[in-house]
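Trainee: Following this message is one structure expressed as structure tokens.
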Amino acid sequence: MIQVTELGYIGIGVKDVDAWKNFASKIVGFEVADDGERDRCYLRMDYFHHRIVMHQDPSDDLQYLGFRVAGAEEFGAMQLQLSEAGLKFRVGSDDEANERHVLEVLKLQDPGGNPVEIFHGPEVQFQKPFYPGRPMHGKFKTGKGGLGHCIIRQADPTAAQKFYHALGMRGGVEYKIKIGNGFLQIRFMHCNERDHTVAFGVPDGSRMLNHIMLEVDNFDDVGMTHELVRSQKVPVAMGIGKHSNDHMYSFYFNTPSGWMIEYGCGARESTYQSEYYTRDIYGHHAEQGGFGMPK
């Protein structure tokens, strides 16, 4: 089975570009890159041309998720795999691939209506070292794990799990949380060493995007960012804690668009076996807005 290998890039719609540029560089630590296009700019976190594209758009929400395959052979085989799974897709033009700074791209939608792209051959700029927008003790942790992970909206988590399985991902329920007389089950899908690359099952339907997780390789950057977020009065959605599934030490804060960034360090690699948990190891207490889950 052909597998996607990482979450390579994300496109987001941004209403207030200036506010986002300041937030991305001075709070998060991204490098803001501008290629002179009037409707977008880019956020770097490693040698890739970009990991996030900020599109001038009033939605303040997800525009697309870009998942990588290893090369041209896998890109062709993935098309056959999608067709055999009954999934409709469109191979992008050369102009569309150039727009994404990749060699080839195809486009489809997952069952929740989230735009998904599969690509190979990202532009990598080893001649241009990553330069963070503000001081950092270490670096963002990408490599084989890709840019991080995200939680997205899905009306039918079972259908979504089947869709991402067709992309070569593994996974399922990792959190089973008692809510009233029933259980909330959150599903996590992985394709590399990260515990998960995409997840769903959080019943907040206001936006397609719940959060993006960014991992750093130095614990001091989590502490420093937490202090910076607090001092700049950026709303904290969930305080510092440690997850049971990926063991990430992290906290969540709001972006100018209203969805969250999880900023963390110290995650373990995927176990590649099924486990479930009823709560986090410690912390992650809800603050302003919480995680979008019922209390």
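Trainee: Spot the failing condition for I177; the list is (1) under 15 Å from the mean Cα position of the chain (by Cα); (2) under 18 Å from I281 (Cα atoms), and only one is missed.
Mentor: It fails just one condition, (1).
Trainee: Quickly run through segment 166-192 and pick out the residues that are of a type in the set (G, A, S) and not in a strand (DSSP E or B). Reasoning before the result, please.
Mentor: Quick first cut of segment 166-192, residues of a type in the set (G, A, S) only: 166, 168, 171-172, 180, 182.
Those that are of a type in the set (G, A, S) and not in a strand (DSSP E or B): A166, G168, G180.
Trainee: Quick check: is even one residue across segment 162-175 of a type in the set (S, T, Y), touching a Gly at 6+ places or on another chain (Cβ under 9 Å) and open to solvent by less than 50 Å² (accessible area, probe 1.4 Å)? Let's see the steps before the verdict.
Mentor: We begin by selecting, within segment 162-175, every residue of a type in the set (S, T, Y); these are 164, 175.
Cutting the leftovers down to touching a Gly at 6+ places or on another chain (Cβ under 9 Å) gives us 164, 175.
Filter again for open to solvent by less than 50 Å² (accessible area, probe 1.4 Å), leaving 164, 175.
Yes, segment 162-175 contains at least one residue that is of a type in the set (S, T, Y), touching a Gly at 6+ places or on another chain (Cβ under 9 Å) and open to solvent by less than 50 Å² (accessible area, probe 1.4 Å).
Trainee: Out of the residues in segment 102-116 meeting the condition of being touching a Gly at 6+ places or on another chain (Cβ under 9 Å) and either open to solvent by less than 50 Å² (accessible area, probe 1.4 Å) or not aliphatic (A, V, I, L, M) (or both), tell me which one is nearest to Y47 (Cα to Cα). Let's see the steps before the verdict.
Mentor: Here is the first cut: in segment 102-116, the residues touching a Gly at 6+ places or on another chain (Cβ under 9 Å) are 102-107, 115-116.
Within this subset, residues satisfying the condition of being either open to solvent by less than 50 Å² (accessible area, probe 1.4 Å) or not aliphatic (A, V, I, L, M) (or both) are 102, 104-107, 115-116.
Details: V102: 14, E104: 19, V105: 20, L106: 23, K107: 24, P115: 25, V116: 23 Å.
Of everything passing the filter in segment 102-116, V102 is nearest to Y47 (Cα to Cα).
Trainee: Please determine whether any residue of segment 233-249 is free of Cβ contacts under 8 Å to residues at least 40 places away in the same chain, touching a Cys at 6+ places or on another chain (Cβ under 9 Å) and open to solvent by 10 Å² or more (accessible area, probe 1.4 Å).
Mentor: Among the residues of segment 233-249, at least one is free of Cβ contacts under 8 Å to residues at least 40 places away in the same chain, touching a Cys at 6+ places or on another chain (Cβ under 9 Å) and open to solvent by 10 Å² or more (accessible area, probe 1.4 Å), which makes the answer yes.
Trainee: Return the residues of segment 254-286 that are free of Cβ contacts under 8 Å to residues at least 40 places away in the same chain and either open to solvent by less than 60 Å² (accessible area, probe 1.4 Å) or in contact with a helix residue (DSSP H, G or I) (Cβ under 9 Å, 6 or more places away or on another chain) (or both); say none if nothing qualifies.
Mentor: Listed by number, the residues that qualify are N254, D280.
Trainee: Right, next: Within the bounds of segment 176-184, is there any residue that is of a type outside the set (D, E), open to solvent by less than 10 Å² (accessible area, probe 1.4 Å) and in contact (Cβ under 8 Å) with a residue 12 or more places away in the chain?
Mentor: Narrowing segment 176-184 to residues of a type outside the set (D, E): 176-184.
With open to solvent by less than 10 Å² (accessible area, probe 1.4 Å) added as a condition, the list becomes none.
No; the residues of segment 176-184 include none that is of a type outside the set (D, E), open to solvent by less than 10 Å² (accessible area, probe 1.4 Å) and in contact (Cβ under 8 Å) with a residue 12 or more places away in the chain.
Trainee: Would you confirm whether or not segment 117-135 contains a residue that is crowded, with 17+ Cβ neighbours inside 10 Å and farther than 30 Å from S25 by Cα?
Mentor: no
Trainee: Yes or no: F188 over 25 Å from T158 (Cα atoms), surrounded by 15 or more Cβ atoms within 10 Å (Cβ to Cβ) and at pLDDT 95 or above? Explain how you work it out, then say what you get.
Mentor: On the way: over 25 Å from T158 (Cα atoms): no; surrounded by 15 or more Cβ atoms within 10 Å (Cβ to Cβ): yes; at pLDDT 95 or above: yes.
When the stated conditions are applied, F188 does not pass them.
Trainee: Out of (1) open to solvent by less than 60 Å² (accessible area, probe 1.4 Å); (2) touching a Gly at 6+ places or on another chain (Cβ under 9 Å), what's the single condition that is false for L209?
Mentor: Unmet for L209, out of (1) open to solvent by less than 60 Å² (accessible area, probe 1.4 Å); (2) touching a Gly at 6+ places or on another chain (Cβ under 9 Å): (2).
Trainee: Next question. Condition test on K144, is it closer than 22 Å to D195 by Cα and not in a loop (DSSP other than H, G, I, E, B)?
Mentor: On the way: closer than 22 Å to D195 by Cα: yes; not in a loop (DSSP other than H, G, I, E, B): yes.
The answer is yes for K144.
Trainee: Kindly indicate which of E262, E227 is of a type in the set (D, E) and under 25 Å from K15 (Cα atoms). Before you say what the answer is, go through the steps one by one.
Mentor: Numbers: E227 fails: under 25 Å from K15 (Cα atoms).
None of the others qualify; the one that does is E262.
Trainee: A follow-up question, please. So which pairs qualify, if the first residue must be in segment 112-137 and polar (S, T, N, Q), the second must be part of a strand (DSSP E or B), the Cβ gap must be under 7 Å, and the two must be at least 6 apart or on different chains?
Mentor: If the second residue must be part of a strand (DSSP E or B), the pairs left are N114/L62; N114/L65; N114/I152.
Trainee: Continuing with the same structure: Looking at V202, V216, which is the one that is of a type in the set (A, V, I, L, M, F, W, C), open to solvent by less than 10 Å² (accessible area, probe 1.4 Å) and closer than 30 Å to K15 by Cβ?
Mentor: Working: V202 fails: open to solvent by less than 10 Å² (accessible area, probe 1.4 Å).
Of the residues listed, the single one that is of a type in the set (A, V, I, L, M, F, W, C), open to solvent by less than 10 Å² (accessible area, probe 1.4 Å) and closer than 30 Å to K15 by Cβ is V216.
Trainee: Now a separate question. Across segment 137-161, which residue is farthest from the chain's Cα centre (by Cα) among those that are small (G, A, S), surrounded by 21 or more Cβ atoms within 10 Å (Cβ to Cβ) and within 18 Å of N210 (Cα to Cα)?
Mentor: As a first pass, look at segment 137-161 and keep what is small (G, A, S): 138, 143, 145-146, 148, 155, 159-160.
Now narrow it down to the ones that are surrounded by 21 or more Cβ atoms within 10 Å (Cβ to Cβ): 145-146, 148, 160.
With within 18 Å of N210 (Cα to Cα) added as a condition, the list becomes 148, 160.
Values: G148: 5, A160: 16 Å.
The qualifying residue farthest from the chain's Cα centre (by Cα) is A160.
The values are calculated or read from the model by the stated rules, or taken from the named source; none is laboratory data. Not measured: the values here are computed from a predicted model. Ideal geometry is used to build each Cβ from the backbone, glycine not excepted, and the neighbour counts take in all protein chains shown. These area figures cover heavy atoms from the full protein model, side chains too; ligands, DNA and RNA do not enter into them. Shrake-Rupley method; radii C 1.70, N 1.55, O 1.52, S 1.80 Å.
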